[in-house]
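Novice: Could you have a look at this structure, given as structure tokens, before my questions?
Every number here is computed from the coordinates shown, using simple stated rules; none is lab data. Being a predicted model, the structure only gives us computed values, none of them experimental. For neighbour counting, all protein chains shown are included, and Cβ atoms are generated from backbone atoms with ideal geometry for every residue, glycine included.
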Amino acid sequence: MIEDQASSLRRMNQSRLIKVIAVTGGKGGVGKTNITLNTAISMAKMGKRVMVLDADLGLANVDVMLGLRVEKNLSHVLSGECTLDDVLVKGPHGVLIAPATSGTQSMTELSPTEHAGLIRAFSELRTDIDVLIVDTAAGISDMVLSFSRASQDIMMVVCDEPTSLTDAYALIKLLNREHGVFKFKIVANMVRDIREGQELFAKLSKVTNRFLDVALELVATIPYDENIRKSVRKQKAIVDAFPSSPASLAIKGLSEKAMQWPIPNQPGGHLEFFLEQLVVDKVVGGQG
């Protein structure tokens with residue numbers, strides 16, 4: 001009887017295992033937020049329950065890009081005024097947005113303890129989701145490092161600019177040498193064709209192979225598409241506004257691929273989103 005209960009509980013927890021992807025890039029202007037939102041919406045169209053965490057805590061723009069009205073944000077969660085469930089805003093196709101603040105200096109200067117508190121808040125989330133996509137801030141701040149290493153997969157967005165590659169390398173180096181992250185998924189954005197995306201990936205790989213112990217994987221090449229600019233003006237995602245455009249099709253392919261990435265069934269030894277669920281699943285699994 002106890003074994004049956006344990007098996008049932010194990011199945012329940014395994015079904016609640018949540019895929020967590022951090023989208024980062026080292027610098028601003030590489031198209032992180034566009035890729036985050038369009039990937040989230042593409043996954044929602046596939047029937048997945050998706051949440052986007054706007055982790056650019058001082059310069060929120062996810063809700064702005066979709067024209068959503070926000071009353072409460074993550075600063076209210078940190079202050080203890082409300083729970084994470086209370087601040088969620090519903091976007092296109094049911095995608096949930098956890099909005100950050102805009103123009104609030106204090107939110108960009110959170111302590112490591114406050115970063116950890118925000119990450120732990122996700123373990124108390126009552127809303128059922130399948131995927132959490134974290135849209136990090138630009139740069140290589142402690143905040144970017146905290147949210148990136150707390151995710152299962154790190155999707156690094158790069159474009160064909162020298163500063164994009166150098167900043168991406170700097171972030172990879174920090175996450176690798178100081179936080180033990182070894183695997184990075186690379187998205188070549190705003191490229192002319194697949195060949196240019198592959199050349200961009202080769203440039204980054206050449207440097208990381210020489211100086212770091214990391215494994216890079218090119219998971220998508222997103223073509224430059226004027227429809228992205230048009231969709232931003234409409235405050236719509238390109239996968240909705242122009243679903244047959246080259247960028248939309250590439251992002252749909254990325255989303256389908258990302259849904260196949262395996263979800264670890266036990267903690268990785270450091271602070272992670274939904275850590276308590278992983279721990280419970282591991283304990284119950286041991287009992288079964």
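Novice: What Kirkwood Rh does segment 132-253 have if only Cα atoms enter the pairwise 1/r average? Answer in Å.
Specialist: One decimal place: 15.3 Å for the Kirkwood radius.
Novice: How long is the gain from ARG69 to ARG192 if the chain were fully straight, where each residue apart is worth 0.36 nm and the alpha carbon distance is subtracted?
Specialist: 40.7 nm
Novice: Where does each of 42-53, 18-29, 166-177, 233-244 land if you order them by average Cβ count within 10 Å, highest first?
Specialist: 18-29, 42-53, 166-177, 233-244
Novice: On to the next question. Step through the table entries LYS45/LYS257; LYS32/LYS252; LYS173/LYS203; LYS32/LYS234; LYS72/LYS252, compare each Cα-Cα distance with 21 Å, and write down the pairs that go over it.
Specialist: Check vs 21 Å cut-off fails for LYS72/LYS252.
Novice: A follow-up question, please. Give the residue from VAL89, GLN235, LEU17 lying farthest towards the positive end of the charge dipole for the chain; charges sit on Cβ (+1 for Lys and Arg, -1 for Asp and Glu) and the dipole is referred to the Cα centre.
Specialist: GLN235
Novice: Output ³J(HN,Hα) for segment 152-163: one whole-Hz value per residue in order, computed from phi by the Karplus curve 6.51 cos²θ - 1.76 cosθ + 1.60 with θ = phi - 60°, and x for Gly and Pro.
Specialist: Using θ = phi - 60°, the values come out as 7, 10, 10, 9, 9, 8, 10, 10, 7, 9, x, 5 Hz.
Novice: Highest mean first, what order results for 186-193, 204-211 on Cβ atoms within 10 Å?
Specialist: Averaged packing, sorted descending, gives the order 186-193, 204-211.
Novice: Please find the FRET efficiency linking THR113 to ASN61, where r is the Cβ-Cβ separation and R0 is fixed at 22 Å, and quote it to the nearest 0.05.
Specialist: 0.25
Novice: Enumerate the whole-percent occupancy of each 10 Å bin, from 0 to the last occupied one, for all C-alpha pair distances of segment 120-160.
Specialist: 22, 51, 23, 4, 0
Novice: What are the ³J(HN,Hα) values, in whole Hz, obtained from phi via the Karplus relation 6.51 cos²θ - 1.76 cosθ + 1.60 with θ = phi - 60°, for each residue of segment 260-268 in sequence order, with x given for Gly and Pro?
Specialist: 8, 5, x, 9, x, 9, 8, x, x
Novice: Okay, next question. If you build the convex hull over the alpha carbons only and average its shadow over all orientations, what do you get for segment 18-262? Give it in nm² to one decimal.
Specialist: 12.1
Novice: Using alpha carbons only, how many angstrom separate the centre of segment 177-211 from the centre of segment 136-151?
Specialist: After rounding, the separation between the Cα centres reads 18 Å.
Novice: Nearest 500 deg cm²/dmol is fine: what mean residue ellipticity at 222 nm does the chain get from its DSSP H runs of n ≥ 4 alone, each adding -39,500 (n - 2.57), divided by its residue count?
Specialist: -14000 deg cm²/dmol
Novice: Further question: Convert each backbone phi in segment 117-132 into a coupling constant with the Karplus relation 6.51 cos²θ - 1.76 cosθ + 1.60 (shift: θ = phi - 60°), then list the ³J(HN,Hα) values in order as whole Hz, x for Gly and Pro.
Specialist: My calculation for segment 117-132 gives x, 5, 5, 5, 4, 5, 6, 9, 5, 8, 6, 7, 9, 9, 9, 10 Hz in order.
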